[in-house]
Structures are given as C-alpha cells and as structure tokens.
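Notes to accompany the following structure.
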Amino acid sequence: MDSAGRDSLSRQQVLRSDDTKSWASRSVYVTRFIKRSDSSAISDNGLPADVFYSADNRYVAINNRRANAGDYLWVISLRDGEPLKVPEDIATELGKKELGQISGDHFPPDQAMPEVTALCPDCTPDNLNHPFLFSRDWKSSDELNVVEEFHFFGRGMYGPRAPGVWIAVNKICRITGKRLSLVKQSVEKETGPSELVERAWTLSPFHNVN
C-alpha cells in the first residue's frame, strides 16, 4: 500500500473512533496513524484527546497525551505523513529540537513573558508549576488555533482543584512550509484550568481519584 493509501486508511480509522466516542479506540487508531507518519516519534502510551482536520484535509492536529508531559500538540501533513510539530520532549529525544517549537514563539524558559507578567507580575519561570499546550480547532485551511496554559504557584500540586494562578496564551499559528509558525497571540488570566486541562489531568496515569 502506498503512502497516500495509508493516510486515507488512517483518516477513516480516526473518524470511526470519533464516532464511537471510545477513548480506548481513539488511542489505538490515532496512535497507529501517528506511528505510520513517524514511527520513531511516539509510543503506544499516548492517549489522544482531540483530533482536528483542516477544511481541505491537508493537515491534522492532534492533542495526544503522553504520560504527564504538558506539550500535547502534534500537527501532521496528510499529503506526505510528515510531522510539522511534535511534543517538545520528543523533538529533543529525536535530535530535532526545532520540530518541537512553534516558529517565532520560543521564549527562553528562564525568562518571563512580558505579556504574562503584565497581568501577573509574579508569574515568572521560578513560580511556574506546569505548562500545557493544546490545539483548539482550525481557523482556516492553514491556520490553527492553539492555546498554551500556564499554572503558577501550585506548590507542586496537580489536578483540577490545585491552588494557583492560571494564564492562557491564545495563539493563531500558520503552516509555513514544513513548520508551524506564530501569527499573533493574546494573553488572558483565567479563573481556573480549562476543560482541556481538566480532561488531560483526569485521564493522566498520575491522577488521584480520591
């Protein structure tokens, strides 16, 4: 079977798993799809939470939880199966650090973001508890809505009821060549974790149900 056929089959499997609303099925089917795209880049431990196809079916964006990592974002070209964005820790393991970054959006981890400290002066890297990165949906055929959520002052606690300050950085990103690039972003203070974060935590192997 050629690569186009494999992509077509994988897309049908993902859609079927969406129809069943089964998390287990979605994990199997989407993991199988990603492994076909880049077999070295993911293990069977991923559990996809959301799958978004661009309007022209050229790209797929996937929120795929891996252990307790915060960067969940995958973006894959369906024409050739090439990943355009993978979780940052995977990119580092593969020796392709740039593949884990959104072009024009990599702020040094030891420096505070001015847009964030404008809303919360003490929301600096020293007080960062956990970051999260998700896709939301496609704004257009080549522009993706992405949200990066930061949890500050959590005192090492994780979960929907953890104390702290939540900041969301809403991004519009564009497919440029073989990269995902930042177009613009806005920052807002949240009253608590979003539904995306709560769902990721609930499905985490480290989640305490008590």
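The values are calculated or read from the model by the stated rules, or taken from the named source; none is laboratory data. Just so it is clear, the structure is predicted and the values come from calculations on it, not from any experiment. All Cβ positions, even for glycine, are placed from backbone atoms using ideal geometry, and neighbour counts span all protein chains on display.
All conditions but one from (1) part of a helix (DSSP H, G or I); (2) polar (S, T, N, Q); (3) closer than 23 Å to D50 by Cβ apply to S140; the one that does not is (1).
Kindly provide the set of residues from segment 162-193 that are closer than 15 Å to S103 by Cα, of a type in the set (V, I, T) and surrounded by fewer than 19 Cβ atoms within 10 Å (Cβ to Cβ), ordered by number. If the condition is that a residue be closer than 15 Å to S103 by Cα, of a type in the set (V, I, T) and surrounded by fewer than 19 Cβ atoms within 10 Å (Cβ to Cβ), then I172, T176, V183 are the ones that fit. Screening L128, L119 for residues that are surrounded by 14 or more Cβ atoms within 10 Å (Cβ to Cβ), touching a residue at least 12 places away in the same chain (Cβ under 8 Å) and among the aliphatic types (A, V, I, L, M) leaves exactly one candidate, L128.
A single entry from D71, D126, D110, D56 fulfils the requirement of being modelled with pLDDT under 85 and among the acidic types (D, E): D110.
Considering F206, F150, F134, the condition of being crowded, with 17+ Cβ neighbours inside 10 Å and either modelled with pLDDT under 90 or more than 14 Å from V75 (Cβ to Cβ) (or both) is satisfied by F150 alone.
Does R155 count as modelled with pLDDT of 90 or more and touching a strand residue (DSSP E or B) at 6+ places or on another chain (Cβ under 8 Å)? Against the criterion (modelled with pLDDT of 90 or more and touching a strand residue (DSSP E or B) at 6+ places or on another chain (Cβ under 8 Å)), R155 does not qualify. Scan segment 125-144 residue by residue and report those that are of a type outside the set (K, R) and either closer than 17 Å to P87 by Cβ or in contact with a helix residue (DSSP H, G or I) (Cβ under 9 Å, 6 or more places away or on another chain) (or both). Passing the criteria: H130, P131, F132, L133, F134, S135, L144.
Filtered by the rule that a residue be assigned to a strand (DSSP E or B) and either farther than 19 Å from V51 by Cα or touching an Asp or Glu at 6+ places or on another chain (Cβ under 7 Å) (or both), segment 77-115 gives P83, S103. Number of residues in segment 88-116 that are farther than 17 Å from L182 by Cβ and in contact (Cβ under 8 Å) with a residue 24 or more places away in the chain: the value is 2.
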